Amino acid sequence: MRIGILQPGYLPWLGFFEQVYKSDVFVIYDDVQYDKHGWRNRNRIKTANGIQWMTVPVLVKGKQHPLIKDVRIDNSSNWRKKHLASITANYSKALYFDDYIGLFQRCLEREWEFLLDLDMEFISQFCEALGLKRNIFCSSDLGISGDKVDRLINICNHFGADVFYEGQAGKNYIDEDIFLQRGISVEYQDYQHPVYSQLYGDFVPYLSIVDLLFNEGPNSLSILKQQ
């Protein structure tokens, strides 16, 4: 059994969902330290004027190393209205705009308190839109302890996984021998980004899944998993 363990993201990129696709069980690593300059609360879309960041404002100033699951959203500004307006303005001419804009309207009409809940709702909705059915768990719900690598191994053992499907960044800290000693092999993602139909000129990779869905619709999963 192959398991993926990855931190959540806002409107994640294609590679995130490729990891979900290749995993029999997928764990959202939500009770580790929040990284202020990561992808938990932001991602990118394509516009006629180039790349645009979509960032969810969060309340972390003055807080000492909060966990991802504890990060609250700053709702003092109407960021949800701005995000929906940006998506509408930049993808209204996309072939499958009408098929998916309702997904964003539903998710962004709610005033979310916690960033994790927002991220998880979008991840769930995107998986459904892609036709991607996987068992997805949050690490905070598992009650599994351990430090760093030991905890990853304990999560693998909890689900009976013998393959840990890890992102490229894992090469910087994963000691594969420790996993092998526990009967688990480590497989690193080597995602070759596909090229698909896009609006606004030359193809731009590494955008949010938003871009793929609006432009390719029901073809999105087959495009996403091509290597």
Revision key, fill the gap. Counting only protein heavy atoms and rolling a 1.4 Å probe, one gets per residue an accessible area for the chain in Å² of 49 Å²
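Compute the length gained on full extension between residue 222 and residue 199: take 0.36 nm times their separation in residues and subtract their Cα-Cα distance, giving the result in nm to one decimal.
Full-extension gain reported as 6.3 nm.
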Practice item. For n ≥ 4 DSSP H runs only, could you compute -39500 (n - 2.57) per run for the chain, divide by its residues and tell me the 222 nm figure to the nearest 500? Key: -10500 deg cm²/dmol
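Plugging the Kirkwood radius over Cα pairs into Stokes-Einstein for region 52-179, at a temperature of 10 °C and a viscosity of 1.306 mPa s, what D comes out in µm²/s? Present the calculation step by step, with values, prior to reporting the outcome.
Numbers: Rh = 17.8 Å.
Stokes-Einstein gives a translational diffusion coefficient of 89 µm²/s.
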Exercise for review: Post the alpha-carbon centroid distance, region 189-227 to region 90-111, in whole angstrom.
Suggested key: 17 Å
Exercise for review: Would you please classify the overall shape of region 50-125 from the alpha carbon gyration tensor, given that a ≥ b ≥ c denote the square roots of the eigenvalues, rounded means a/c under 1.5, and beyond that prolate means a/b larger than b/c while oblate covers the rest?
Suggested key: prolate
Check your understanding: Where a ≥ b ≥ c are the square roots of the eigenvalues of the C-alpha gyration tensor, would you call the chain rounded, which needs a/c under 1.5, or, failing that, prolate if a/b is larger than b/c, or oblate?
Key -> oblate
Point to revise | Cβ-placed point charges (K, R +1; D, E -1), dipole of region 7-114 about Cα centre in debye, nearest 20 | key: 460 debye
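Can you quote the Å³ per residue value for the convex hull of the Cα atoms in region 26-77, rounded to an integer? Let's see the in-between values first.
Values: hull volume 5.6 nm³, N = 52.
For region 26-77, the hull spanned by Cα atoms encloses 108 Å³ per residue.
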Review point. Can you give the Rg to Rh ratio for region 171-227, taking only C-alpha atoms and Rh from Kirkwood?
Key: 1.20
Study note, to complete from the structure: The extension gain from residue 181 to residue 49, computed as 0.36 nm times the residue separation minus the Cα-Cα distance, is 42.4 nm
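Classify region 1-94: rounded, prolate or oblate, from the alpha-carbon gyration tensor (a ≥ b ≥ c, eigenvalue square roots; a/c under 1.5 rounded; otherwise prolate if a/b is larger than b/c)?
Working: a/c = 2.62, a/b = 1.16, b/c = 2.26.
Oblate is the answer for region 1-94, as a/c is 1.5 or above yet b/c matches or exceeds a/b.
Tell me the chymotrypsin sites (Phe, Trp or Tyr not before Pro) within region 184-227 that lie in a loop according to DSSP and have at most 14 other beta-carbon atoms within 10 Å. Could you put the intermediate results ahead of the total?
Working: sites: 188, 191, 196, 200, 203, 206, 214; in loops: 191, 196, 200, 203, 206.
Qualifying residues, ordered by number: 200, 203, 206.
For region 1-102, what relative contact order do you get, as a whole percent, if you take Cα pairs closer than 8 Å and at least 6 residues apart?
Computed over region 1-102, the figure is 22 percent.
Summarise the accessible area of the chain (1.4 Å probe, protein heavy atoms) by the percent that is carbon and sulfur. Walk me through the numbers on the way to the answer.
Numbers: 5090 of 11170 Å².
For the chain, the apolar C and S fraction of the accessible surface comes to 46 percent.
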Study note, to complete from the structure: Ranked by GNM mean-square fluctuation in the chain (Cα springs under 10 Å), the top entry among 167, 217, 146 is 146
Point to revise | Rounded tilt (10° steps) of 97-108 against the dominant C-alpha axis of the chain | key: 60 degrees
Revision key, fill the gap. In a Gaussian network model of the chain with springs linking alpha carbons closer than 10 Å, the residue among 31, 211, 177 that fluctuates most is 177
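The values are calculated or read from the model by the stated rules, or taken from the named source; none is laboratory data. Being a predicted model, the structure only gives us computed values, none of them experimental. In this analysis, Cβ positions are derived from the backbone assuming ideal geometry, glycine residues included, and neighbour counts consider all displayed protein chains. The area values use the complete protein model at the heavy-atom level, side chains included, leaving out ligands, DNA and RNA. Shrake-Rupley method; radii C 1.70, N 1.55, O 1.52, S 1.80 Å.
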